[in-house]
Amino acid sequence: MVDQNIHSSSVGTSFQRTDLKDKVLGIAKYTADLSLPNMLHARVLRSPHPHANILSIDVQPALKMAGVHDILTPFNVGVGKIAPDVPILDTKVRFVGDEVAAIAAVNLYEADTALDLIKVSYDVLPFSTNIDTSLEMGNPKIHAQGNIVNGGPIVEARGNVEEGFGQADYIVEDSFTTPDHHPASLEPRAALASWDGTRLTMWKPSRGIHADKAILAAALDVNPNNISVIGPVMGAGYGSKDETRTSILAALLSMRTGRPVKLELNREEEFLAGRRRHSTSTKIKMGVKKDGTVTAVHVKTVMDTGAYLSSGPGVVRRAGQGALYLYRCPNVKYEGQIVYTNTPTAGSYRALGAPQGHFALESLSDQIAEKLNMDPLKFRLMNHVGPEGQPGERATPKNQIIDTQPVEGGVPFSSNELRQCLILGADAIGWDKRDQITTPTGPIRRGIGMSMFIYRGGPGGQSNAEMSLDKDGCFTLNVGFMDVGEGSSTVVLQMAADTLGVLPQMIRLNSGNTDNTPQSPMTAGSTLTFSAGQAAVRAASQLASVVIEAASEAIGLTDAEGLYITPDGVCSMSGDGVKFADLANKSGLLKAAVSVTPGSKNYIVNSFGAHFAEIEVDIETGYVKIIKYVAVHDSGRIINPKMAEGQVRGGISQMMGFTFLEDMEIDHSSGVTLNASFLEHKSPTIMEYPEIEVIFTDSIDPVGPFGAKSLGETPCIAPAPTIANALYHATGVRLNHLPFTPDSVLTALKRLR
Amino acid sequence: MKTFTFHKPTELEEASKLLKNVGQGHLLAGGTDLVTEMKQGVIEPNLLISASDIKDMSGMVWNNSGLTIGSMVTLDEIASDADIRSRIKSLAEAAISIATPQIRNIATLGGNLCQRPRCWYYRNVRFNCLKKGGEKCFAVGGSDKYNAILGGSSCYIVHPSDSATALVALKAKVEIFRDLQRVTIPIDDFFVGPEVDVARENILEPGDILVSVQIPKESMDGKSVYLKAKERQSMDFAIASVAAMVKMEKGLITEAGIAAGGVAPIPWHLSSVEGKLIGYCVEDIDVKTISSEVFADARVLGQNGYKLQLVQTYLERALNLVLR
Amino acid sequence: MENHATKITFKVNGEQHTLDIDNRFTLLDILRDRLNLTGAKKGCDLGECGACTVILDGKAVNSCQILGVKITSSEIKTIEGLSQGDMLHPLQISFIENDGGQCGYCTPGFIMGAYPLFESKTNVSVEEIRLALAGNLCRCNAYGAIIDSVVGAIGIKVDG
């Protein structure tokens, strides 16, 4: 049996990303790169109205075209659903861009011409493009159950906030808003569906092929055994690329025409019919004693989910994690509400609600520190949640796994190096010279700001893995998860290799096809490294035993003691051994299959970090320049340093869009999204990219595989409040509304004049 | 995209005839704006006439009166030309601030001057706005963040061309082929504001071709600059910009050309500023006062007030750069 | 009847092609749909992301903005034409060594976007690299590793 902590030779090294060679050669195949003989091309007709009932659709003029093979409408797709509030196609449309009909034609030019010929009769309804209007709206509501999801907010609390505020010497409250920017992954959604009469094969960018298969089976009312979902190389999604109508429409068109159908969304459609981030409005109130102890935190967040619910419940819950758990406090309350509007749907986007929640929390934290006349770093060093967790009594039964987003107190963390993050980061940015840099130079002001964060650490759903020794002496690791471009394949390979005692290049990773991979949850919530990693490690560990046992027999030994695995084969102290290929041929199939439910019954597994930024603001133009950015992360053991650094730098740079540039703009009188393009929804270019110093704390988590914890989303949480706090330090003006465009900075600064 | 026929004439006359006679024809230069508009359904030409083989429209010629740039010269050629960079710096700076390297490699000067506005109501087929023949300007009372603070009337687009702003400040002339003749006019007369004709941004009629742009010698070899405010540092149009050109002799200003971009439906020629510079000594110029007064007639809409702050600041900074 | 199709003859990666195309076809459509060269990607089809960048007559262009009718007699180089058999181009080697791609969708565009700089220089500053690649979007924001990759590639070229 291999001891993870002693043997590591690949874990901790920057093993080359497994699929990078194909990508630089231009031969990696993404969904839109695939073709099948006899294939039809699909296009979607989209609603011009933000809220309307569809009275009738006349497809005859379009069907008459020789090149058009089929048209789907709400009236011929049956009653299947993609999500509880999303029928395959609906007789009601809820945002400009909502799917109305789908065409399959011999080429896209024919399909586009046909789209213009379809006649739809709408009964236009009053609509809402913002939360206030949705709350005031009469009938008909956007969804039958009402515009407030579940009729009211979720409420999560520990202790008693009223009492907590009663104990406070100072109370500070403020309001914050965040925009509904879009993940805008470079690969638009696409689907290639092929129905052969009994079996559906679906190629689509996917972060959960087994989950997608289940959705397809349910929506289409097809036996899941007759469905194969294959995930080609994926051009990222940042969490957002699931559960839209795209693949179901392609599937239905294929089933009805008997031909393969490819549906590619164009860039405008990806913006409209993909998933944006939930915009939020947060009211936050914190109470502290004169000595700086936090006595109460009360947060109310309202989120705009757009036309459909998607993963709203997960997002709204995640938005409260910071408020409930980042500061050591016995009395906390979080109320999170989701409201429908007639705008493009919001869903999961890297770190879900945590960036929104932390923007409010960490901004207010600086305000509280100022009220106390205390250095913001000192305030956090004093109050951050420590390894022992929150005060209170554990509520989860002893034999149950602890939630990674707990509310209860009385449970320690498996590891918590937040303190180290704060200290290392402060040192790297030069926090102690902070007050020396604020002297103005003409219109330029300088400042240094910081913030910290907490996030779920990795345990996810049940994860399965199989590993086997192949005839050629190499190994196959069979997993159901998908590498969405973040490198999970590579990381899992490294862990499996080290566990087994071989080199990563000796292991083939088989993933991406539901036909030959075990069930696996989605690549989501930064759970891959932890959950899939755990499964891969167990499978490798079990296989090691199986291989050693078989080798012992093959060599003719009475027991397996003294045998160990090396990249060359199974060896023994005495010099006997057997090469893997020989062993495979002698022993037949050697394999191991495991199923793990990751998590801990004793500890909360969370990741932590602190970000620091030194900035320059030109108060006459509103431009902010990042002089230096430091990110310190506690994600336990870093399996692949180069890739991990790429995740951190990438996540921070990505969120500079959230912080400075990106916002989806809706025309209020029509509900039309005005900036559904890369030109107008302005994502950071290489010219924006700041120098980022990345520091990982020296820690090994006792629960995570090889001591690893989540990393993929965590870099996205702190950038916005870090910049906001730096801006305040530089200008004395607090900006509560993202993004900080030159316009909004100038508008805020007018307070100075 | 609607389909079209394609012609590649080698003579201006041939091209002009085709454009005039064949209904909705359009000249194809680099195509970086045209093809986008066609893909988005904003325009639907049934005929494209390529200008790439018309030699009158290519090449750059320096002579005694100045520089003539063929309208098919690419933005990259202008931005990387050593003589333009040293003698007409503002034009090189304007050219290199445009779009992206890939676009500058094929986009032309003529195309840049004639490109259509970026107003998101104009560009979106779901809005039949005034400029497209409809009833109203949707920016008024709508999302007007990127719309005009000067020169708007009924329509509030801003002119998107950086080269236009620089060339107005350089007092350039444009040569047009019209009715089988070549006509040269001051660039100020080329652009058309909405109060004159809301459907267009320049005087070109069907059959007209922009042949070349001429920069007079008198505008060269001074100090010039193009400052462009953008929200992000690449792939962005000006949210405000200033082109400034000044020539001095022993501290006395002998020539000045100043224009603002990103704020009006046409490049905004700041003649009044020029009047406060030409003939004056550098030491006597009060840049701050000039910059704050010149935009007194600006009319800010709902969300574009920041443009006033920006254009004032950039004018101040541009003047300081060329006067010091 | 008016002709809406054109016969064009052009070279891609050294190989000559003659095609009859619908006038609406862009160079990107030709590469992906007619020549099965899917390295150039359709990120936006409007010239706003650089994922379709190829070299046209020596210059980096967004192939989605080039109408097919304009490329007759032109020479085009795509990502597929960079490596020679098993020998990777220094840009490709360096992008691998420096982890210059995460999801990889932008990677062919970035490599072709960097290609003219690589060809013309033996010494580049980070600023020059940024300016050359300012038309390419990476949504994973691997910009730091991309810059390192281009620096590294020129290093490989110089060291031989």
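Magnitude of the Cβ-charge dipole of the protein assembly as shown, K/R +1 and D/E -1, about the Cα centre, nearest 20 debye?
Numbers: 116 positive and 137 negative charges, 221 e Å.
In total the dipole reaches around 1060 debye.
Using a 7 Å offset from Cα along Cα-Cβ at B:S80, what residues in region B:35-65 end up with backbone N under 19 Å from the label point?
Residues B:58-61 qualify, since their backbone N sits under 19 Å from the label point.
In chain A, with Lys and Arg counted as +1 and Asp and Glu as -1 at Cβ, which of these residues, A:I368, A:V68, A:I686, has the Cα nearest the positive end of the dipole, that is, farthest along it?
My answer, from the dipole projection, is A:I368.
Can you give the average number of partner chain beta-carbon atoms within 10 Å of each beta-carbon in peptide A:26-33, as a whole number? Before the final figure, lay out each step's value.
Numbers: counts 18, 7, 8, 1, 5, 0, 5, 7.
Whole-number average of other-chain Cβ neighbours for A:26-33 is 6.
Which entries in B:K20/C:K70; B:K55/B:K89; B:K2/B:K131; B:K132/B:K223; B:K8/C:K59 show an alpha-carbon gap greater than 29 Å?
Values: B:K20/C:K70 22 Å; B:K55/B:K89 26 Å; B:K2/B:K131 21 Å; B:K132/B:K223 40 Å; B:K8/C:K59 22 Å.
Those over the limit are B:K132/B:K223.
Modelling each spin label as a point 7 Å along the Cα-to-Cβ direction, I'd like the B:E44/B:A199 distance in nm, to one decimal.
1.7 nm
How long is the gain from A:Y170 to A:N150 if the chain were fully straight, where each residue apart is worth 0.36 nm and the alpha carbon distance is subtracted? Show your work: numbers first, answer last.
Details: separation 20, 0.36 × 20 = 7.20 nm, distance 3.47 nm.
Length difference between fully extended and current span is 3.7 nm.
Which Cα, out of A:L20, A:H737, A:G599, lies furthest along the positive dipole direction of the protein assembly as shown (beta carbon charges, K/R +1, D/E -1)?
A:H737
Which longest uninterrupted range of chain A lacks any GluC sites (Glu not before Pro) assigned by DSSP to a loop state (not H, G, I, E or B) and surrounded by at most 12 other Cβ atoms within 10 Å?
Longest run free of exposed loop sites: A:1-392.
If you find the alpha carbon centre of region A:285-341 and of region A:16-65, how far apart are they in angstrom?
That distance is 38 Å.
Distance in nm between label sites at C:T9 and A:I401, each 7 Å beyond Cα in the beta-carbon direction?
6.6 nm
Could you give the distance between the Cα centres of region A:83-132 and region A:159-237, to the whole Å?
Result: 21 Å between the Cα centres.
Applying the Karplus parametrisation 6.51 cos²θ - 1.76 cosθ + 1.60 with θ = phi - 60° to the phi angles of region B:159-167, what ³J(HN,Hα) value in whole Hz is obtained for each residue in order, glycine and proline being reported as x?
6, x, 8, 6, 5, 4, 4, 5, 6
Using the crude model of +1 on Lys and Arg Cβ and -1 on Asp and Glu Cβ, and no other charge, please compute the dipole size for region C:90-154 relative to its Cα centre, in debye to 20. Working shown, then result.
Numbers: 3 positive and 6 negative charges, 33 e Å.
Result for region C:90-154 is approximately 160 debye, rounded to the nearest 20.
Measuring from a point 7 Å past the Cα of B:W62 along Cα-to-C-beta, which residues in region B:206-238 have an amide N at less than 18 Å?
Hits in region B:206-238 for B:W62 at 18 Å: B:213-224.
How large is the direction-averaged shadow of the alpha-carbon convex hull of region A:77-130, in nm²?
On the way: hull surface 21.5 nm².
Result: a mean projected hull area of 5.4 nm².
A:V229's amide H: which non-local residues (gap 5+, or another chain) put their own amide H closer than 5 Å, with H modeled 1.01 Å from N in plane and none for Pro or chain starts?
Close amide H contacts, sequence-distant or interchain: A:M202, A:T514, A:D515.
Once you average over the residues of C:58-71, how many Cβ atoms of partner chains fall within 10 Å of each Cβ?
Working: counts 1, 7, 7, 8, 9, 1, 4, 12, 5, 10, 1, 9, 9, 0.
For peptide C:58-71, the averaged partner shielding equals 6.
Connecting C-alpha atoms closer than 10 Å in a GNM of chain B, tell me which of B:A243, B:A199, B:A169 has the biggest fluctuation.
B:A199
Tally Lys and Arg at +1 and Asp and Glu at -1 over the other residues with C-beta under 12 Å from the C-beta of A:Q390: what net charge comes out? Don't skip to the answer; put the middle values down first.
Details: positive: A:R158, A:R328, A:R394; negative: A:E388, A:E393, A:E408.
With Lys, Arg at +1 and Asp, Glu at -1, the neighbours total 0.
Would you mind checking which residues have amide H under 5 Å from B:L47's amide H? H placed 1.01 Å from N; only 5 or more apart, or other chain.
The answer is B:T5, B:H26.
Given springs between every Cα pair under 10 Å in a Gaussian network model of chain C, which of C:N98, C:N62, C:N123 has the largest fluctuation?
C:N123
For the protein assembly as shown, which whole-number percentage of the solvent-accessible area (1.4 Å probe, protein heavy atoms only) is attributable to carbon and sulfur atoms? Can you show the working numbers first?
Values: 21140 of 42270 Å².
On the protein assembly as shown, the fraction of accessible area on carbon and sulfur atoms equals 50 percent.
Just to check I understand the Karplus step: with θ = phi - 60° and J = 6.51 cos²θ - 1.76 cosθ + 1.60, what whole-Hz values come out for region A:401-418, glycine and proline as x?
Values per residue, Gly and Pro as x: 5, 6, 4, 7, 10, x, 10, 4, x, x, 10, x, 7, 5, 7, 7, 9, 4 Hz.
Have a look at A:N585, A:T558, A:A535 and report the one farthest towards the positive end of the charge dipole of region A:521-630, computed about the Cα centre with Cβ charges (Lys/Arg +1, Asp/Glu -1).
Farthest towards the positive pole: A:A535.
Using the structure shown, list the pairs from A:K64/C:K7; A:K29/A:K262; A:K289/A:K378; A:K23/A:K471 with a Cα-Cα distance above 21 Å, or answer none. Provide the component values of the computation, followed by the final result.
Numbers: A:K64/C:K7 30 Å; A:K29/A:K262 15 Å; A:K289/A:K378 15 Å; A:K23/A:K471 29 Å.
From A:K64/C:K7; A:K29/A:K262; A:K289/A:K378; A:K23/A:K471, over 21 Å: A:K64/C:K7; A:K23/A:K471.
What's the center-to-center distance, using Cα atoms, between region B:179-228 and region C:106-138 in Å?
A separation of 34 Å, based on Cα centres.
Could you report the accessible area of C:L131 in Å², rounded to 10, computed with a 1.4 Å probe on the protein chains as they sit in the structure?
Around 80 Å² of this residue is reachable by solvent.
Near A:K283, which lysines are there with a Cα under 16 Å away, not counting those fewer than 8 places off in the same chain?
A:K300, A:K333
Under 11 Å from a label point 7 Å along Cα→Cβ of B:K217: give me every residue in region B:64-89 with its amide N that close.
B:64-67
What's the magnitude of the charge dipole for region A:621-753 around its Cα centre, counting Lys and Arg as +1 and Asp and Glu as -1 at the beta-carbon? Answer in Debye, nearest 20.
On the way: 11 positive and 14 negative charges, 93 e Å.
The calculation lands at about 440 debye.
Under the definition of partner shielding as Cβ atoms of other protein chains within 10 Å of a residue Cβ, what is the mean value for peptide B:84-96? Please report the intermediate quantities before stating the final value.
Values: counts 0, 0, 0, 0, 0, 0, 0, 0, 0, 0, 0, 0, 1.
Mean shielding count: 0.
The values are calculated or read from the model by the stated rules, or taken from the named source; none is laboratory data. These numbers were taken from a predicted model, which means no experiment stands behind them. Neighbour counts run over all protein chains shown; Cβ positions are idealised from the backbone, glycine included. Surface areas here come from the heavy atoms of the whole protein model, side chains and all, with no ligands, DNA or RNA. Shrake-Rupley method; radii C 1.70, N 1.55, O 1.52, S 1.80 Å.
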